[in-house]
Each structure stands twice: as structure tokens, then as C-alpha cells.
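Take a look at the structure below.
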Amino acid sequence: DPKIIQKPKYLVAVTGSEKILICEQYLGHNAMYWYRQSAKKPLEFMFSYSYQKLMDNQTASSRFQPQSSKKNHLDLQITALKPDDSATYFCASSQDWGGGQDTQYFGPGTRLLVL
Amino acid sequence: QQKVQQSPESLTVSEGAMASLNCTFSDGTSNNFRWYRQHSAKGLEVLVSIFSDGEKEEGRFTAHLNRANLHVSLHIREPQPSDSAVYLCAVTNAYKVIFGKGTHLHVLP
């Protein structure tokens, strides 16, 4: 059974619209993360959360807003979508946050295409 | 700003031949290093984590870390066609994980 669930798997949106990417982890982890992978770019860190608190935000745009309703949920709301937002968005989790001691485990990703 | 460079960009090996992948990083204070594998359009699978200089083996995957040379490598013993994927080097610096662009490994039967 998959331990990190991301929904939907694929998403097509029009420019200017808003979408929410869902992430749930069933590993009992306390820290969750979002990453973005665009064509020909390295996997890029976006946010980290620990016990539902934002720990680090490396996303310049306020159009990206993580939302954590439960410790094992970290959704990503993206508003005013632009074609440049087209990418695969990965959710990850680790036992605890900080220091890199704990391995981050990744979900299968949501592939977003903005037209 | 930590920079992580992987080489080669693409590597083709025959089934059973050793595959060697390289990763260099710019900040020697980095404390944790991991290799992940990403099959096409799928999530990342962690292969091996290494925290101190030397060697760490996980099955057919062996990582070598040399902090003085700012270098970490991955060696895949007896690669199989199912090992064809993108291999990502991940370097942890403070509380951030920085990834390289990856090496595309193709294993020919």
C-alpha cells in the first residue's frame, strides 16, 4: 500500500485559475515537505512543516500556500496559475524535521500542466 | 549557496557491468548525503544514505563519501535493465536538502 498519497496524479488547469494539490502520509512522520520538479531543473525545495508549523519557505511567490489540517496532511494551494507553474509537485515526509538526519520519503507526485 | 553537480548527465552500461555515478558539492559543512532513484514519471526511492567519510553499502548500491574532495559517488554492482532510471544526489546543508540534476542511467540487456 502506498504510504504517501498525492492526489490528483495529473492536473490540467487554465491560466489564472486556482488548484489544490493533496498530500497525505501514513508513515507516522512529524515533518512534511513540498518540492517542485520542472523540466531540465533539479528538484527544488519549496516548504517544510513540522507538527503542522511552517519551518521553512523557499518559494518567492505568495501564490503558493501550504495548508495543514492534520499532522499527516499537507496540501498545496496554488492561486493565479501561470504556465511557468507547470511542473511535477512532490510531497515528502520524514520522521522529524531538522539537521537532515532523517531520510525524506517521497510521494509519486502530481503532474500539473497550466495552459 | 550550496551547489550540487552530478556527472555524467547520461550513462549507458551493459547488464552486469559496474555503473559509477558522481556528485560534487560546494559546501564542505554539509552533513548528510543520499542517493535517490527516480523511474520515469514516478516518485523518488531512497537507495543509500551516508553521513561520514568512507563507504556505505545497501545491497547492490555502494556510496563513497570524501568530504575533503567535496565528492560523493554511487556504484551499482551488477546493474539490470530494471535499474534504468534517473539517479539523484541529495546533499543536506543545515535544514535544507539540495538535489543535483541527476544522471540518466541506461542498462542494456
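What to note about this one:
- Other-chain or far-sequence residues with amide H under 5 Å of A:Thr59's (modelled H): none
- Couplings 3J(HN,Hα) for segment B:77-87, derived from phi with the Karplus relation 6.51 cos²θ - 1.76 cosθ + 1.60 (θ = phi - 60°), are 8, 6, x, 10, x, 5, 7, 4, 5, 9, 10 Hz, where x marks Gly and Pro.
- Whole-Hz Karplus values for segment A:100-114 come out as x, 5, 8, 5, 8, 10, 10, x, x, x, 10, 8, 9, 10, 10 Hz, taken residue by residue from phi with 6.51 cos²θ - 1.76 cosθ + 1.60 and θ = phi - 60°; glycine and proline positions read x.
- Cut-off under 5 Å, modelled amide H: who pairs with B:Leu47 long-range: B:Trp35, B:Tyr36, B:Arg37
- Inter-label distance, A:Lys40 to A:Asp84: 1.6 nm, where each label sits 7 Å from its Cα along the C-beta direction.
- Relative contact order (percent, whole number), segment B:1-73, Cα cutoff 8 Å, 6+ residue spacing: 26
- Gap separating the Cα centres of segment B:46-109 and segment A:1-74, nearest whole Å: 25
- Taking amide H positions as modeled 1.01 Å from N, with prolines and chain starts lacking one, the residues under 5 Å from B:His106 and 5 or more places away or on another chain are B:Leu11, B:Thr12, B:Val13.
- Applying D = kT/(6 pi eta Rh) to chain B, where Rh is the Kirkwood radius over alpha-carbon pairs, T corresponds to 25 °C and eta to 0.890 mPa s, the Stokes-Einstein value obtained is 178 µm²/s.
- Dipole orientation for the protein assembly as shown: of the candidates B:Thr92, A:Ser17, A:Thr103, A:Ser17 has the Cα lying most toward the positive pole (charges on Cβ; Lys, Arg +1; Asp, Glu -1).
- Links that overshoot a 32 Å alpha carbon limit, given the list A:Lys70/B:Lys56; B:Lys56/B:Lys96; A:Lys41/B:Lys56; A:Lys7/A:Lys40; A:Lys82/B:Lys42; A:Lys82/B:Lys56: A:Lys70/B:Lys56; A:Lys82/B:Lys56
- Modelled label positions at B:Met18 and A:Ile22, each set 7 Å beyond Cα in the direction of Cβ, lie 4.8 nm from each other.
- For the protein assembly as shown, the Cβ-based charge dipole about the Cα centre amounts to some 560 debye (Lys, Arg positive; Asp, Glu negative; other atoms uncharged).
- Extension reserve of the B:Ser10-B:Asn66 stretch, reckoned as 0.36 nm per residue once the Cα distance is removed: 17.9 nm
- Cut-off 12 Å, label 7 Å out along Cα→Cβ of A:Leu54, residues of segment A:77-115 by amide N: A:77
- In Hz, Karplus ³J(HN,Hα) per residue of segment B:45-57 (6.51, -1.76, 1.60; θ = phi - 60°; x = Gly, Pro): 10, 6, 9, 7, 10, 9, 10, 9, 4, x, 10, 9, 10
- Point-charge dipole on Cβ atoms (K/R +1, D/E -1) for chain A, about Cα centre, debye to 20: 240
We did not get these values from a lab; they are worked out from the coordinates using the rules stated. Everything numeric in this text was worked out from a predicted model, so none of it was measured. Because the Cβ atoms are built from the backbone with ideal geometry, glycine has one as well, and the counts that use them run over all protein chains shown.
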